[in-house]
1. Could you go through the range 120-129 and let me know if any residue there is more than 23 Å from residue 73 (Cα to Cα) and touching a residue at least 60 places away in the same chain (Cβ under 8 Å).
2. Which residue, of 61, 73, 83, is more than 29 Å from residue 109 (Cβ to Cβ) and either modelled with pLDDT of 85 or more or exposed (fewer than 10 other Cβ atoms within 10 Å of the Cβ) (or both)?
3. Test residue 139 against the stated conditions and say whether it is modelled with pLDDT of 85 or more, within 26 Å of the chain's Cα centre (by Cα) and closer than 26 Å to residue 161 by Cβ.
4. Answer yes or no as to whether residue 121 is modelled with pLDDT under 85 and surrounded by 13 or more Cβ atoms within 10 Å (Cβ to Cβ).
5. Looking at (1) within 27 Å of the chain's Cα centre (by Cα); (2) surrounded by fewer than 18 Cβ atoms within 10 Å (Cβ to Cβ); (3) under 15 Å from residue 81 (Cβ atoms), which is the one condition that is false for residue 114?
């Protein structure tokens with residue numbers, strides 16, 4: 001039988017070495033170093049995300065419509081007022097004679113009033129919808145255009161009567177006469 005205390009050849013059994021940190025009394029061991037590239041990449045990634053977020057907010061925000069109001073000379077306003085009042089009187093007379101329908105009269109009144117407002121104030125009322133006007137126009141103009149809308153685009157019979165057209169012509173006349181630039 002073999003002697004258990006006998007030496008085992010070293011080639012048959014691999015040697016296992018355990019690495020232990022060497023700590024010398026009173027000395028600090030430096031940390032494992034890493035490249036400066038990783039913190040820089042992390043910082044650039046954070047800056048990129050912040051820039052993307054800011055750019056997204058900037059490009060998708062609602063823009064307010066703020067345009068400089070042009071100064072209009074009083075003589076231009078008075079000429080536009082006289083022209084608009086003449087157009088309104090002409091439309092009123094055509095409705096009274098039965099030469100034009102109330103719907104067409106409302107279209108003509110709206111065109112005349114919007115043209116006057118554009119000339120008198122610089123507000124491009126001719127190209128604005130009712131919602132656009134609500135955002136930037138004076139309330140009395142919005143109320144008048146709101147009055148025109150059912151007769152122009154709606155199907156309701158009460159707004160398509162001769163009396164409705166005559167009432168709208170009176171309201172348009174009041175607005176144009178009372179307009180102050």
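The values are calculated or read from the model by the stated rules, or taken from the named source; none is laboratory data. This is a predicted model, so every value here is computed, not measured. Please note: Cβ atoms are built from the backbone with ideal geometry, for glycine as well, and neighbour counts cover all protein chains shown.
1. no
2. After ruling out the rest, the residue left standing is 61.
3. yes
4. So residue 121 fits the description; yes.
5. That leaves (2) as the condition not met.
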